[in-house]
1. For the stretch 92-116, enumerate the residues that are in contact with a strand residue (DSSP E or B) (Cβ under 9 Å, 6 or more places away or on another chain) and surrounded by 13 or more Cβ atoms within 10 Å (Cβ to Cβ).
2. With respect to the numbered conditions (1) in a strand (DSSP E or B); (2) crowded, with 16+ Cβ neighbours inside 10 Å, which one is the sole condition not fulfilled by LEU6?
3. Mind checking which pairs have a first residue in the stretch 54-72 that is open to solvent by 100 Å² or more (accessible area, probe 1.4 Å) and a second that is at pLDDT below 90 and among the small types (Gly, Ala, Ser), Cβ under 7 Å, 6 or more apart or different chains?
4. Which residue pairs have Cβ atoms under 7 Å apart, sit 6 or more places apart or on different chains, and have a first residue in the stretch 23-49 that is on the phi > 0 side of the Ramachandran plot and surrounded by fewer than 17 Cβ atoms within 10 Å (Cβ to Cβ) and a second that is hydrophobic (A, V, I, L, M, F, W, C) and not in a strand (DSSP E or B)?
5. Could you list, in sequence order, all residues of the stretch 1-41 that are among the acidic types (Asp, Glu) and in contact with a Lys or Arg (Cβ under 7 Å, 6 or more places away or on another chain)?
6. Out of the helices (runs of 4 or more DSSP H) lying entirely within the stretch 35-152, which hold 3 or more residues that are at pLDDT 85 or above and farther than 23 Å from LEU6 by Cα?
Amino acid sequence: TSLRALVYMDEVFGFFPPVANPPSKAPMLTLLKQARAFGVGLVLATQNPIDLDYKGLGNTGTWFIGRLQTDRDKARVLEALDGAMAGANPIPRADLDRLISGLGKRVFLMHSVHRPAPVLFSTRWAMSYLAGPLTLAQLRVLARRDGAAPGAVMAAAPAPAMPSYAAPTA
């Protein structure tokens, strides 16, 4: 109820590794342990949970677990969940394993210290049109400052087509 600031770090790999001791590790652990007392929340995101320090995971109150790519990642998450729930998990580990293995696209398992059991939820579909970087012609139009609407600027000078990616065929 007293959140004053939110720190968001995407791809936290390298800043908070489980083995090495980079200069960023001590401040990250301090933030995880003490930020809440000052109204600061942290959102740390990674695609590889194996890359995070276990002390940090233990100081994290809410986890959103999505589709995991490897059995090693799944094993690490299950081990960390067991530790975070301190044996009070109402869902047997085998069932939790099957649940995590069956997560679909945009479906997450949320573990929160404020809930008695993990919860499944899905996110809504959202479309975002990202046109890409501005062209020189678009920058010139923006630099004119003649009061033209931003939509007119973008329509006047379309961005070059981006190359499409074709999946390799087997």
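The values are calculated or read from the model by the stated rules, or taken from the named source; none is laboratory data. Please read these numbers as outputs of a predicted model, since none were measured by experiment. When we count neighbours, we look across all protein chains shown, and the Cβ atoms used for this are built from the backbone with ideal geometry, even at glycine. All accessible areas refer to the heavy atoms of the entire protein, side chains included, with ligands and DNA or RNA removed. Shrake-Rupley method; radii C 1.70, N 1.55, O 1.52, S 1.80 Å.
1. Within the stretch 92-116, LEU96, LEU99, ILE100, LEU103, ARG106, VAL107, PHE108, LEU109, MET110, HIS111, SER112 qualify.
2. (2)
3. Once the first residue is open to solvent by 100 Å² or more (accessible area, probe 1.4 Å) and sits in the stretch 54-72, its partners that are at pLDDT below 90 and among the small types (Gly, Ala, Ser) give TYR54/ALA80.
4. Close Cβ pairs (under 7 Å, with a partner that is hydrophobic (A, V, I, L, M, F, W, C) and not in a strand (DSSP E or B)) amount to GLY39/LEU3.
5. Within the stretch 1-41, no residue meets the criteria.
6. Here the list reads 71-85, 93-101, 136-144.
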